[in-house]
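Just below is one structure, and these are the notes that go with it.
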Amino acid sequence: MPPPVRSLRVLVLGGTGCVGAALVRQLAERGHEVAVFHRGVGGCAANGAFHLHGNRFELEAFAPDFARFAPDVVVDLIAASAAAARRTLRALAATGRRLVFASSQEVYRAWSVFDGSDRGALAPAPLTEDSPLRCAPPPPRATAADARSWRDAGDDKVGMERALRAWPGAPPTIVRLAPVYGPGDRQHRLYPLFRRMQDGRGVILLPRDWAEWRSARGYVENMAAGLVLAVEQPRAAGRVYNLADAGLSGLEWVQAAARTFGWRGRLLLAAPLQTPPHLRVRANTAQHCHADSRRIRVELGYREPFGLAEALAAALAWESRREAQGSGERERIARDYASEDAVLLALGVGAAGGVRSANAMNSSAITTNTHTLPSGPTLPPVIQREP
Ligand SMILES: NC(=O)c1ccc[n+]([C@@H]2O[C@H](COP(=O)([O-])OP(=O)(O)OC[C@H]3O[C@@H](n4cnc5c(N)ncnc54)[C@H](OP(=O)(O)O)[C@@H]3O)[C@@H](O)[C@H]2O)c1
């Protein structure tokens, strides 16, 4: 990324979370002066920034503090509804010269077809900034990790965006982030895979529909880099941007992670109903949800600073460090090796053991049923079973 034209004063609401910590660090590294607003209860630090503690539900009360800091740009990472957006605009529009809001790929109708709240026809993918938006709000968050303390009753980014577009003042920038992975990912999207590879599983079972499902994903440092461009470039005002890494299928994603980890087992794709319940995806996987992020690349010159292998290596190393610290994910993530092994046996592949036992599996069964992808010998072989 070229150096910024000038140093800015940037206020980041929610600047110590998953995306915020990376964003604040990158802004500081580029010479910007950064203040973060948060409650001060989260564990993650944003070093080098000025910290202002408060609750976003009382944002207006902090307007004098914000005015004293006099930001050039305000980034709101923790608005989840029209009411939240209006609160930020009331408290900050008069202060910050430009505003940038983090939104989500989940605003698209395609994601509501995927999550089952829309039973209509499949939406075309990849999703562009002009793709239709969802009519129904997303279903309630499944886990406590998803239910963030900054989300108000209406978790509705479509409503947030509508309120921003209706604002009569300077038009904010909206950045629609892909599901984020990497350090700070509270959903630990890579953990189930990391755990199985770390445990030396010889075969990893994947529901075929998930393996074929193509989705947007974004490495946290790449997402932060895209937000930095939206902060630095005045031409981003009033624009809506998708921000995502290249869209991969579930299988491509797992294979890339396995290659990065150095795991040498095999992947078995099975019909969803053949897989144990804890592995099944309860969603309409016929609806692909990958994003077209050409606009931010063309208009703001965005390029991922981190390639897939580097990003996955950092994400897996973070999961490993978290586990070494005994962070408790081990119990939270569903894994039931006994039922997975039973399925493998039923499919005639052999019980999953360590890599050694996988290598020692009945070689004729493996040979007749294994399809090694043409993309290179370093990818884990995939065992295809007809449904
Ligand atoms: N993470 C993803 O996968 C993902 C995907 C797509 C879009 N996005 C979007 O990206 C943005 C950032 O997401 P994130 O995952 O980085 O969020 P996050 O990790 O939940 O960030 C939470 C931040 O907000 C602060 N905070 C929490 N509750 C607060 C409150 N009531 N008042 C003031 N501060 C509060 C936290 O610090 P304290 O705890 O100290 O208050 C922390 O700084 C969101 O708009 C999200 O929708 C994220």
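So for the range 80-97 (the condition being over 30 Å from Phe37 (Cβ atoms) and out of contact with any helix residue (DSSP H, G or I) (no Cβ under 9 Å at 6 or more places or on another chain)), does at least one residue qualify? So far as the range 80-97 goes, no, none of its residues is over 30 Å from Phe37 (Cβ atoms) and out of contact with any helix residue (DSSP H, G or I) (no Cβ under 9 Å at 6 or more places or on another chain). Residues that are near the ligand (Cβ under 8 Å from one of its atoms), buried (at least 20 other Cβ atoms within 10 Å of the Cβ) and closer than 21 Å to Arg56 by Cα occur in the range 149-161; there is at least one.
Rundown of residues vs (1) away from the ligand (no atom under 16 Å from the Cβ); (2) touching a residue at least 24 places away in the same chain (Cβ under 8 Å), yes/no style:
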site: Ala85; (1), (2): no, yes
site: Thr88; (1), (2): no, yes
site: Ala91; (1), (2): no, yes
site: Arg97; (1), (2): yes, yes
site: Glu106; (1), (2): no, yes
site: Ala110; (1), (2): no, yes
site: Ser117; (1), (2): yes, no
site: Ala121; (1), (2): yes, no
site: Pro124; (1), (2): yes, no
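Scanning the range 1-42 for residues that are within 8 Å of the ligand (Cβ to nearest atom) and in a loop (DSSP other than H, G, I, E, B) gives Gly14, Gly15, Thr16, Gly17, Arg39, Gly40, Val41, Gly42. Just to be sure I understand the filter: pairs with C-beta atoms under 7 Å, separated by 6 or more residues or on different chains, first member in the range 55-69 and surrounded by 19 or more Cβ atoms within 10 Å (Cβ to Cβ), second member assigned to a helix (DSSP H, G or I) and among the basic types (Lys, Arg). Which pairs pass? If the second residue must be assigned to a helix (DSSP H, G or I) and among the basic types (Lys, Arg), the pairs left are Leu59/Arg87.
Give the range 61-83 a look and list any residue that's part of a loop (DSSP other than H, G, I, E, B), away from the ligand (no atom under 13 Å from the Cβ) and on the phi < 0 side of the Ramachandran plot, or say none. Within the range 61-83, Pro71, Asp72 meet the criteria.
In the range 248-266, the residue that is surrounded by the fewest Cβ atoms within 10 Å (Cβ to Cβ) out of those that are small (Gly, Ala, Ser) and without any contact (Cβ under 8 Å) to a residue 60 or more places away in the chain is Gly262. The residue pairs whose first member lies in the range 198-216 and is part of a loop (DSSP other than H, G, I, E, B), whose second member is of a type in the set (S, T, N, Q), and whose beta carbons are closer than 8 Å, counting only pairs six or more residues apart or on different chains, are Gly202/Ser357; Gly202/Asn359; Trp213/Ser249; Trp213/Thr285; Ala216/Gln105; Ala216/Asn242.
With respect to Glu221, is the statement that it is among the acidic types (Asp, Glu), modelled with pLDDT of 95 or more and touching a Ser or Thr at 6+ places or on another chain (Cβ under 8 Å) true? The answer is no for Glu221. Scanning the range 1-24 for residues that are among the charged types (D, E, K, R) and either modelled with pLDDT of 95 or more or under 16 Å from the mean Cα position of the chain (by Cα) (or both) turns up just one, Arg9. Among residues that are surrounded by 17 or more Cβ atoms within 10 Å (Cβ to Cβ), part of a helix (DSSP H, G or I) and modelled with pLDDT of 95 or more, Leu312 is included.
Note on the range 46-60: among residues that are more than 10 Å from the ligand (Cβ to nearest atom) and part of a loop (DSSP other than H, G, I, E, B), the one that is nearest to Ala79 (Cα to Cα) is Ala49. In this entry, Ala236 is excluded by the filter for residues that are closer than 24 Å to Leu133 by Cβ, at pLDDT below 95 and more than 16 Å from the ligand (Cβ to nearest atom).
The values are calculated or read from the model by the stated rules, or taken from the named source; none is laboratory data. Computed from a predicted structure; not experimentally measured. For neighbour counting, all protein chains shown are included, and Cβ atoms are generated from backbone atoms with ideal geometry for every residue, glycine included.
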